[in-house]
Amino acid sequence: MTSATATAEAPVGRTYRPYSQPWWRRVLLTREFAIIGLLVLVFAWASANVANFNSPLTVYFLGLDNAEIMLIALPMALVIITGEIDLSVASVVGLSSVMVGLLHQDAGLSIPLAGLIAILVGVVAGALNGFLVAYVGLPSLAVTIGTLALYRGLAVGLLGTTAKTDFPDKWTTLAQEHIGTSRYPVIVIPILVLLVVFVWVLHFSSFGRGVYEIGLNDEAAHFSGVNVARTKFVLFILTAAVSAFAGIYITLRTGNARGDNATGDELKVIAAVLLGGVSIFGGRGALHGVVAGVLLIGVIQSAMRLENQTVNVINIVIGALLVLSVMSTSVLAWISRLSARRAGLGNLRRRQAVASSSRTTER
């Protein structure tokens, strides 16, 4: 009786996927592949119904406009899988942009050296976030809200309301260049390199298994041998370093180093990561879903701009899509719990019927 009741009440939300199912079902019937399917459908519909969407320039600008979101979303996915969050990424982008402008134009450093120092500044910013969260034990939401304001304040304070715009043509051109004769921008190359690295780290390494274990239960992960504090510390550093690189890219692509660059992009990154199937509660997610989430938002925005929709309407559609995406996770979890509870009650009733039949036979 107690065993059957326990089975009926067992939670099924925050556990690993049931590997008793066939591999094709575990791979294809997932939230990540649902987002990929939706991306294909939206892209096909826009190509057929939106004027000029199927132009080669659409793919080119889709890569340019969403490159920084894609870059930051890769490490952000790992942070959220651990159950943490980093809201300071856009401020690190702005700080990195300002550092490149000041170091190149005021200090006379070359773009590569200025960019390297900007990335090191990003590492320091991420180390501060990681130290306060991982070793001091402060909640990441509160910490990164504070550093969001701190890093943005430093960026604006260093440069004021002015902008640095005099950058070498070879670097600004490179940031907007095509790959050979293709329609893809050069920025796709570092994105693919980072994607391969993060896919290997998350899905094929012991470090990645530790990331999932921390998200499921950080105390259990600690007792199983995962260095929880070090893992979180490293992830915050990686996120800030990649954000700093994104700041360098934005500066060269636009030809502007400003303290307010990328303002609000932290919300776009988080929206794309959650839309791609990463659980805001941690312990679940995959990078192919994150990539699809970024591209889906980019395709929707591009199609709506070509349809002359306003920014407010675009934001409403993206916000509604994100809310529905988050709601779907809760609804599916509720359905799973309800199915498990009914299955447990069914087993209990069958056992009671068998027991009753046995007593009748003995009489």
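The values are calculated or read from the model by the stated rules, or taken from the named source; none is laboratory data. The structure presented is a predicted model; accordingly, all values stated were derived computationally and were not measured. Positions of Cβ are generated from backbone atoms using ideal geometry, with glycine treated the same way; all protein chains shown enter the neighbour counts. All accessible areas refer to the heavy atoms of the entire protein, side chains included, with ligands and DNA or RNA removed. Shrake-Rupley method; radii C 1.70, N 1.55, O 1.52, S 1.80 Å.
Summary of values
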quantity: Verdict on residue 209 being of a type in the set (Lys, Arg) and touching a residue at least 24 places away in the same chain (Cβ under 8 Å); calculated: no
quantity: Test: residue in the range 310-317 that is at pLDDT 80 or above, open to solvent by 80 Å² or more (accessible area, probe 1.4 Å) and within 24 Å of residue 211 (Cβ to Cβ); calculated: no
quantity: All positions within the range 128-162 that are touching a Phe, Trp or Tyr at 6+ places or on another chain (Cβ under 8 Å), open to solvent by less than 60 Å² (accessible area, probe 1.4 Å) and among the hydrophobic types (A, V, I, L, M, F, W, C); calculated: 133, 134
quantity: Selection count, the range 259-273, where residues are buried (at least 22 other Cβ atoms within 10 Å of the Cβ) and not in a helix (DSSP H, G or I); calculated: 3
quantity: 1 or more residues of a type in the set (Gly, Ala, Ser) and more than 20 Å from residue 284 (Cα to Cα): qualifying helices (runs of 4 or more DSSP H) within the range 152-239; calculated: 169-176
quantity: Residue within the range 89-99 that is modelled with pLDDT of 95 or more and surrounded by fewer than 24 Cβ atoms within 10 Å (Cβ to Cβ) present; calculated: no
quantity: Which listed residue is touching a residue at least 40 places away in the same chain (Cβ under 8 Å) and either open to solvent by 40 Å² or more (accessible area, probe 1.4 Å) or not basic (Lys, Arg) (or both), from 67, 107, 114; calculated: 67
quantity: Hits in the range 178-229 (condition: surrounded by 12 or more Cβ atoms within 10 Å (Cβ to Cβ) and charged (D, E, K, R)); calculated: 183, 209, 213, 218
quantity: From 173, 165, residue being open to solvent by 50 Å² or more (accessible area, probe 1.4 Å), within 30 Å of residue 108 (Cα to Cα), free of Cβ contacts under 8 Å to residues at least 24 places away in the same chain and among the polar types (S, T, N, Q); calculated: 173
